[in-house]
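A.B. asks: Mind having a look at this structure? Questions to follow.
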Amino acid sequence: MKKWGFLRAPKSQASSGFARWRRGDAAAAGLFLAPSVAGFGIFYLIPFGMSLLYSFQSGIPGGGFAGLANYRELLASDSFREAAANTLYFSALGVPLMLVLSLILALLLNRQIYLRKWLRTSYVLPLVVPVASVILIWQMIFDWNGVLNYALSRFGMERVDWMKTGAARYVVIVVYLWKNIGYNVILFLAGLQQIPKDYYETAQVEGAGPVRRFFGITLVYLTTTTFFVVIMSIINSFKVFRETYLLAGDYPHDSIYMLQHYMNNMFVSMDIQKLTAAAVLMVAAILAIVLGLFGLERRYRQFME
């Protein structure tokens, strides 16, 4: 009995040691995460909670409970509806373009092509260059007397006032693609490099062509990466205000008047009720889109299984 008791002792000691190590590891992880969690709570959760509260009040400070009156007034506003429609149109057009172009570039950069390393670096540069300084270059290109109109005039074509016509929408989409495509290309490259090459070789031996290999192997194993890229692209499409503001100012052309423009103008006029209600609706829209994508991704996984 003593012998068996002696043999069981190291196991219990090992279990207690492992438990102590796990507790210590969890405490260390919590210690490192505490500053980020505190910052997220102070600068994001608490302000959003206050905004949600203010959106149901009739005035700030000391306003009474107004129910859904602020939201009804907001939805009746022509400027808000126009800003929401422009934002949805921009996301519906920009996100698919971002997804397709970044995947095509990732597939090209994943091959042994000329100047591959230089091209990879060039796509990452927009992520590290300050937006304010780059916008000056875009203004020089799309200004009435800019480089693009000069080139058009040289070919006998009429000049276009890019930022004061409906073409401004496509200028902003180009800037959005240029700014964010590098990050998505990096994500797709990482996903492509995780696919075993044996799968492609086996499929090729069995007679599968490039199209079948792409849809049967590449897209299947890029499901998680594609899902993440779509979510990040949608979120970034709602953050295009900075570029648009620097290009066109507070009151741009109607085609690029976004939700952030509306909220910025409400902040300037100190209309806190409309500002907070618009912010809550925008968060709710983003949350609904993301949850819908999660549902589609879950169903796709079940279908593949």
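The values are calculated or read from the model by the stated rules, or taken from the named source; none is laboratory data. It should be emphasised that the depicted structure is a prediction, and the values quoted were computed from it without experimental measurement. Don't worry about glycine lacking a Cβ; one is built from the backbone with ideal geometry, like all the others, and counts go over all protein chains shown. Accessible surface is based on the protein model in full, side chains and every heavy atom, while ligands, DNA and RNA are left aside. Shrake-Rupley method; radii C 1.70, N 1.55, O 1.52, S 1.80 Å.
A.B. asks: Any idea what the relative contact order of segment 52-163 is, in percent, if you count C-alpha pairs under 8 Å spaced at least 6 apart?
C.D. replies: Averaging sequence separation for qualifying contacts and normalising by length gives 10 percent for segment 52-163.
A.B. asks: Right, next: Need the full-extension length gain, LEU97 to GLU158, defined as separation in residues times 0.36 nm minus the C-alpha distance. One decimal, nm.
C.D. replies: That pair, LEU97 and GLU158, stretches by 19.2 nm at full extension.
A.B. asks: With a 1.4 Å probe and every protein chain kept in, tell me what percent of the accessible surface of the chain is carbon plus sulfur.
C.D. replies: Carbon with sulfur: 68 percent of the solvent-accessible area.
A.B. asks: Please give the peptides 214-220, 169-175, 155-161 ranked by average Cβ packing (other Cβ atoms within 10 Å per residue), highest first, as a rough proxy for protection.
C.D. replies: Ranked by mean Cβ neighbours within 10 Å, highest first: 169-175, 214-220, 155-161.
A.B. asks: If R0 is 25 Å, what FRET efficiency do you get for ARG299 and ILE195 from their C-beta distance, rounded to 0.05? Provide the component values of the computation, followed by the final result.
C.D. replies: On the way: r = 23 Å, r/R0 = 0.91.
Once the sixth-power term is evaluated, E becomes 0.65.
A.B. asks: Still on this structure, I have one more. Considering the values (1) 33, 58, 8, 1; (2) 28, 40, 28, 4; (3) 23, 45, 25, 6, 1, 0, which represents P(r) over Cα pairs in 20 Å bins from 0, in percent as calculated for the structure under consideration?
C.D. replies: (3)
A.B. asks: For GLN57, what residues show an amide H to amide H distance below 5 Å, using hydrogens built from the backbone and excluding near sequence neighbours?
C.D. replies: Placed amide hydrogens put ALA66 under 5 Å from GLN57.
A.B. asks: Take each of the peptides 237-243, 148-154, 39-45, 268-274, average the number of other beta-carbon atoms within 10 Å over its residues, and list them starting from the highest.
C.D. replies: 237-243, 268-274, 148-154, 39-45
A.B. asks: Once Lys and Arg get +1 and Asp and Glu get -1 on their Cβ, which of VAL134, VAL211, LEU275 lies farthest toward the positive end of the dipole of the chain?
C.D. replies: Of the options given, the answer is VAL211.
A.B. asks: Just need the relative contact order of segment 141-232 here, percent rounded to a whole number, with Cα pairs under 8 Å and 6+ apart.
C.D. replies: On the way: 44 pairs, mean separation 18.3, N = 92.
The normalised contact order for segment 141-232 reaches 20 percent.
A.B. asks: Hey, what did the chain get for relative contact order, percent, Cα under 8 Å, at least 6 apart?
C.D. replies: With pairs under 8 Å counted, the relative contact order is 27 percent.
A.B. asks: Tell me the per residue accessible area of the chain using a 1.4 Å probe; a whole number in Å² is fine. Don't jump to the answer; show the numbers that get you there.
C.D. replies: Details: 19490 Å² over 305 residues.
For the chain, the per-residue accessible area is 64 Å².
A.B. asks: Under the Karplus relation 6.51 cos²θ - 1.76 cosθ + 1.60, θ = phi - 60°, what is the ordered set of whole-Hz ³J(HN,Hα) values for segment 154-168, x standing for Gly and Pro?
C.D. replies: Result, ordered by residue: 5, 9, x, 9, 6, 5, 10, 7, 4, 8, 10, 9, x, 5, 4 Hz.
A.B. asks: As a test of the formula, what do you get for the chain when each DSSP H run with n ≥ 4 contributes -39,500 (n - 2.57) and the sum is divided by the residue count, at 222 nm and rounded to the nearest 500 deg cm²/dmol?
C.D. replies: Dividing the helical sum by the residues of the chain leaves -24500 deg cm²/dmol.
A.B. asks: Mind ordering 140-147, 254-261 by average Cβ neighbours within 10 Å, highest first?
C.D. replies: 254-261, 140-147
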